[in-house]
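Supplied in C-alpha cells, the structure appears directly below.
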Amino acid sequence: MGLLAADSDLPFGVHLTLTRDGPAHRWAPVAPAEQVPSLVGADGLLLPSAAVPELLAGARIEDVERELRTQLAVVARAGLSPTHLDWHVMADGGRDDIRELTVQLALEHGLAARVWLRPGRQAARARGLPVVDHDFLDSFALPLQGKAERYVRLVRALPTGLSEWAVHPAVDPTPVDVDLDWAVRRSDYDFLISAEADRVLADEAVMVIDYRRLQRAWAGNPGATSHRS
C-alpha cells in the first residue's frame with residue numbers, strides 16, 4: 001500500500017480474494033475467521049486456490065459479503081481511492097450471486113467492476129453498465145515460448161471495441177513468490193517495456209486506457225444505482 005499512498009495518481013483496483021494461492025501463502029480472511037466460517041478451513045485460513053469448487057459449494061453469501069466489505073474497509077482506512085473491483089482466481093467471483101454482490105459493492109463505493117464472462121457481461125449491459133466487448137485475455141494462458149511475437153500478433157488482430165488483457169509484469173521475486181510461474185511475470189514485464197510494444201500499439205492506433213474511464217461511466221449512468229434484490 002505504500003506505493004499507492006506515495007502516488008495518488010496511480011490507478012488501481014481492489015483484487016478481492018476468498019482463496020490463498022498455496023501452502024506457502026498462509027492467508028487468513030481479513031474478517032475474523034469465526035465470523036466467516038464457511039470461507040475457512042479447520043486451520044482458520046482461506047482455502048487454497050485448488051479448492052475453489054469446494055469453496056463455491058459451501059460459501060454462504062452473508063460470509064462472502066462480510067469478508068469483502070472488510071477487505072474494502074482496509075483500503076478505505078488506508079486513505080486510498082481505487083477505481084474498480086476485480087477477482088483473484090475466481091472469474092467474476094465464481095458464482096452469479098457473488099458476481100452480483102461485487103457489482104453492488106462497486107456501485108455503492110463509486111467504482112467499476114471487472115465483469116468478463118458472458119453471463120455477467122449480459123447482466124451488466126442490461127443495467128447500462130459498460131464492460132468489455134471481447135473475451136478476456138490472461139497472460140498465464142499464453143505459452144512462454146514466442147510470447148512477445150504472440151502479443152504482437154494479438155495486438156494487430158485486436159477487434160474494434162473494448163478489450164482487456166490481464167498481464168502480470170514484475171521483477172525481483174521474493175522467495176515465497178518465485179514458484180508462482182515467475183517466468184510468466186518477467187516475460188510480461190519485458191514485453192510491456194519494449195520498444196516493440198510501443199511500436200505495434202502506435203501502428204494499430206490502439207488506445208490504452210485504465211479503469212478510471214469505466215469508473216466514471218459506471219458512476220454517471222442513471223440506471224446504475226445500487227440496489228439489492
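Within segment 60-75, is there a residue that is assigned to a loop (DSSP other than H, G, I, E, B), at pLDDT 95 or above, over 25 Å from Ser8 (Cβ atoms) and under 13 Å from the mean Cα position of the chain (by Cα)?
no
Return the total of residues in segment 32-59 being closer than 16 Å to Asp96 by Cα and modelled with pLDDT under 95.
0
Every residue in segment 76-103 that is small (Gly, Ala, Ser) and either touching a Leu at 6+ places or on another chain (Cβ under 9 Å) or not in a helix (DSSP H, G or I) (or both), please.
Of everything in segment 76-103, those that are small (Gly, Ala, Ser) and either touching a Leu at 6+ places or on another chain (Cβ under 9 Å) or not in a helix (DSSP H, G or I) (or both) turn out to be Ala78, Gly79, Ser81, Ala91, Gly93, Gly94.
Check segment 113-136 and report whether any residue there is within 16 Å of the chain's Cα centre (by Cα), of a type in the set (A, V, I, L, M), surrounded by 14 or more Cβ atoms within 10 Å (Cβ to Cβ) and over 17 Å from His84 (Cβ atoms).
no
What do you reckon, is Arg199 surrounded by fewer than 18 Cβ atoms within 10 Å (Cβ to Cβ), touching a residue at least 12 places away in the same chain (Cβ under 8 Å) and among the basic types (Lys, Arg)?
Numbers: surrounded by fewer than 18 Cβ atoms within 10 Å (Cβ to Cβ): yes; touching a residue at least 12 places away in the same chain (Cβ under 8 Å): no; among the basic types (Lys, Arg): yes.
The answer is no for Arg199.
Return the total of residues in segment 33-45 being outside any helix (DSSP H, G or I) and surrounded by 13 or more Cβ atoms within 10 Å (Cβ to Cβ).
Pass one, segment 33-45, residues outside any helix (DSSP H, G or I): 36, 40-45.
Add one more test, that the residue is surrounded by 13 or more Cβ atoms within 10 Å (Cβ to Cβ), and what stays is 36, 40-41, 44-45.
Residues in segment 33-45 being outside any helix (DSSP H, G or I) and surrounded by 13 or more Cβ atoms within 10 Å (Cβ to Cβ): 5 in total.
Hey, among Asp21, Asp9, which residue is surrounded by fewer than 19 Cβ atoms within 10 Å (Cβ to Cβ), within 28 Å of Tyr211 (Cβ to Cβ), acidic (Asp, Glu) and out of contact with any Ser or Thr (no Cβ under 8 Å at 6 or more places or on another chain)? Show your work before the answer.
Working: Asp21 fails: out of contact with any Ser or Thr (no Cβ under 8 Å at 6 or more places or on another chain).
When all the criteria are applied, what remains is Asp9.
The values are calculated or read from the model by the stated rules, or taken from the named source; none is laboratory data. Every value quoted in this text rests on a predicted model; they were computed, and no experiment measured them. FYI the Cβ positions are ideal-geometry reconstructions off the backbone, even for glycines, and counts take in every protein chain you see.
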